[in-house]
Amino acid sequence: MIWNYKGKEIREIIDFPKDTFGFIYIITHKPTKKSYIGKKFLNFTRKQKLGKKELKLLEGIQGRPPKFKIVQKESDWKTYWSSNTTLKALVKAEPEDNFERQILQYCTSKKLLTYFETKYQMQYQVLEKPEEFWNDNILGKFFKKDFDPR
């Protein structure tokens, strides 16, 4: 399954603009028109312990030698279907043709990813329209249950 951005298919990491850190997306279930808005990083970064050979090469340098190195690896963005459990279960149960994955915006930093994800979720009123969206919270601060009439 591919991602679409303004009518253009995105299949490989080279299809993204040069400084892209991640993107904001909307996944829509075509039969019900229900959607989910989220963000996705293009790369994962993690700390990896240095091996014996690498530590040996650092012997003799002044100061305290590092114990870890930062390793960057392409994320699973090509096969990603959101963190929402309801949506993921639906994707497993139905053909992928029933879904559309669309990129709303590219972002160049982690901070901008969070900002624009929040902006789109507020703009589309994802918590106020439970019949249209699977999102159940924004930033872990605003929840769908807060909008339930009592």
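Each reported figure results from applying straightforward, stated rules to the coordinates on display, with no laboratory input. Everything quoted here is computed from the prediction, not taken from an experiment. Ideal geometry is used to build each Cβ from the backbone, glycine not excepted, and the neighbour counts take in all protein chains shown.
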**Complete:** If one compares the long axis through the Cα atoms of helix 110-123 with the longest principal axis of the Cα atoms of the chain, the angle in degrees, nearest 10, works out at 0
**Asked** Quick one: what does P(r) look like for the chain with 10 Å bins over all Cα pairs, in whole %?
**Response** 10, 33, 28, 15, 10, 5, 1
**Asked** Going highest first, how would you order 13-21, 81-89 by mean Cβ packing within 10 Å?
**Response** 81-89, 13-21
**Prompt:** Out of PHE16, PRO31, THR86, whose Cα points farthest toward the positive end of the dipole of the chain (charges: +1 Lys, Arg; -1 Asp, Glu; placed on Cβ)?
**Reply:** PHE16
**Fill in**
Toy charge model, Lys and Arg Cβ at +1, Asp and Glu Cβ at -1: the chain dipole around Cα centroid in debye, rounded to 20, equals 920
**Prompt:** Ranked highest first by average number of other Cβ atoms within 10 Å, how do 113-124, 130-141 line up?
**Reply:** 113-124, 130-141
**Message:** Please compare each pair in LYS34/LYS145; LYS49/LYS141; LYS6/LYS33; LYS73/LYS110 to a cut-off of 24 Å on the Cα-Cα distance and tell me which ones are over it.
**Reply:** LYS49/LYS141
**Message:** Can you show me the helix-derived [θ] at 222 nm for the chain, built from DSSP H runs with n ≥ 4 at -39,500 (n - 2.57) apiece and divided by the number of residues, rounded to the nearest 500.
**Reply:** -5500 deg cm²/dmol
**Prompt:** Order of 46-56, 28-38 by packing, highest average Cβ count within 10 Å first?
**Reply:** 28-38, 46-56
**Item:** Furthest towards positive pole of dipole, ASN43, TYR124, PHE142, structure part the range 20-146, Cβ charges
**Value:** ASN43
**Cα-Cα pairs of the range 1-85 separated by more than 23 Å (percent)** = 45
**Complete:** With +1 at each Lys and Arg Cβ and -1 at each Asp and Glu Cβ, the charge dipole magnitude of the range 17-105 around its Cα centre, to the nearest 20 debye, comes out at 540
